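The values are calculated or read from the model by the stated rules, or taken from the named source; none is laboratory data. Since the model is a prediction, treat every value here as computed from it, not as a measurement. So basically every Cβ, Gly included, is an ideal-geometry build from the backbone, and we count neighbours across all protein chains shown.
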Amino acid sequence: MPLNYTSPKVPTKFDVLGTWLLGILAGQNRYSHITGLRGDMVSPQILGMNKIISEDAMRRALSRLSAEVSQAWLEPHLKKSTTAALGTPWILDIDTTIKPLYGKQSGAELGYNPHKPGRRSHALHTYWVANLRLVLDVVVTAGNEHSALSAHPGLMQVLGGLEQAQQPCLVRGDFGFGNEPFIRELEEMGQAYLFKLKRTQGVKSLLNRLLKKEGWISPGPQDQGWSVIEDKLQLGGWEKERRVIVLKRPAKESIAISVKRQSKGKKGAEPLQDVLFPDEKVQPWEYAVMVTNSDFPVESIGQLYRDRADAENGFDELKNQWD
């Protein structure tokens, strides 16, 4: 632990680390909660500590550690906990969650916050070993830095810190990662990726063309009714064509179409809303479009992407169960 004292009357590193560990194991998340541990005379003996230090001593000790020094100290330990899982083919999931803040904290900014609109927050860009829910790294940014651009440096740092034999067979992410600088850098590294595309005009034009095309692969029971087809697409911001996978399935629920028409009368009057129910002969579709440079068969892409939802379960555990 990169903590150095010069006074002989200060607690030892062992006491600082031991108190920190006991506080974490007890589910504490405030320095003041340490006071509740100080009556425990058994745990310090088990760990070989002299004593449980006070909350003020703990606060002063951790305040002496800079972010850079702490990161250099903790990163090797974090990597050691995940290295054994990277010897077999694995998938790296990128996902971002929002942490609402209720005090004056560094980086607390107004940004995308669907559950607490108007509340300042942090954005946590997290890099997972898929399905195992092992966290490779987390980059904490201000609440207004929630886009894929803010997740990019952390991803490159994670990939750059892995040996060749430990590289993921696929990097997987949601909307926002399919932009040219992001995917071009992964292609230059020889890294396979799978990202969902936003519903831009180019994606909608592709869908209109493919809906009339034959060659859709019928789904199996495990595909939840999705049909799939493969094509090439070059969006406006891309420098070349890339492989895209399109999935569609009939909409499960009845839909209504809202149409705006200008009301008669004064200039600037509010438009009226007309709700139209499509004829039963009209078939509405759900669809999703993914871009990838991998050589996975087209039939497997849908399930590969659906597996990404497991990252949301990991967030639920970290935020709601582990706090």
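Restricting Glu180, Glu187 to residues that are modelled with pLDDT of 90 or more and out of contact with any strand residue (DSSP E or B) (no Cβ under 6 Å at 6 or more places or on another chain) narrows the list to Glu187. I want to confirm something. Restricting to the stretch 158-196 and keeping residues that are acidic (Asp, Glu) and outside any loop (DSSP other than H, G, I, E, B), which single residue is surrounded by the fewest Cβ atoms within 10 Å (Cβ to Cβ)? Filtering the stretch 158-196 for residues that are acidic (Asp, Glu) and outside any loop (DSSP other than H, G, I, E, B), the one surrounded by the fewest Cβ atoms within 10 Å (Cβ to Cβ) comes out as Glu188. Scanning the stretch 110-124 for residues that are out of contact with any His (no Cβ under 8 Å at 6 or more places or on another chain) and crowded, with 17+ Cβ neighbours inside 10 Å yields Asn113, Arg120, Ser121, His122, Leu124. Before we move on, is Asn131 in contact (Cβ under 8 Å) with a residue 40 or more places away in the chain, over 17 Å from Lys319 (Cα atoms) and of a type in the set (S, T, N, Q)? Yes: the conditions hold for Asn131. Considering the stretch 197-213, and only residues there that are part of a loop (DSSP other than H, G, I, E, B) and under 26 Å from the mean Cα position of the chain (by Cα), the residue that is nearest to Trp285 (Cα to Cα) turns out to be Arg199. Just the residues that are closer than 22 Å to Arg30 by Cα, in a helix (DSSP H, G or I) and not hydrophobic (A, V, I, L, M, F, W, C), please, taken from the stretch 59-76. Once the filter is applied, which keeps residues that are closer than 22 Å to Arg30 by Cα, in a helix (DSSP H, G or I) and not hydrophobic (A, V, I, L, M, F, W, C), the stretch 59-76 yields Arg59, Arg60, Ser63, Ser70, Gln71. If the condition is being more than 18 Å from His77 (Cα to Cα), loosely packed, with under 13 Cβ neighbours inside 10 Å and not hydroxyl-bearing (Ser, Thr, Tyr), then the stretch 1-24 contributes Asn4, Pro8, Lys9.
Yes/no per residue for (1) modelled with pLDDT of 90 or more; (2) farther than 16 Å from Val291 by Cα; (3) not assigned by TED's automatic domain parsing to the domain that holds Val291:
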residue: Leu207; (1), (2), (3): no, no, no
residue: Leu211; (1), (2), (3): no, yes, no
residue: Gly220; (1), (2), (3): no, yes, no
residue: Ser227; (1), (2), (3): no, yes, no
residue: Lys232; (1), (2), (3): yes, no, no
residue: Gly237; (1), (2), (3): no, no, no
residue: Glu241; (1), (2), (3): yes, no, no
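The residue pairs whose first member lies in the stretch 75-103 and is of a type in the set (Lys, Arg), whose second member is in a helix (DSSP H, G or I), and whose beta carbons are closer than 8 Å, counting only pairs six or more residues apart or on different chains, are Lys99/Lys319. Summed over the stretch 39-58, residues that are in contact with a Ser or Thr (Cβ under 7 Å, 6 or more places away or on another chain), assigned to a loop (DSSP other than H, G, I, E, B) and surrounded by 13 or more Cβ atoms within 10 Å (Cβ to Cβ) total 2.
Checking each residue in the stretch 128-150 for being touching a helix residue (DSSP H, G or I) at 6+ places or on another chain (Cβ under 9 Å), of a type in the set (Gly, Ala, Ser) and in a helix (DSSP H, G or I) picks out only Ala148.
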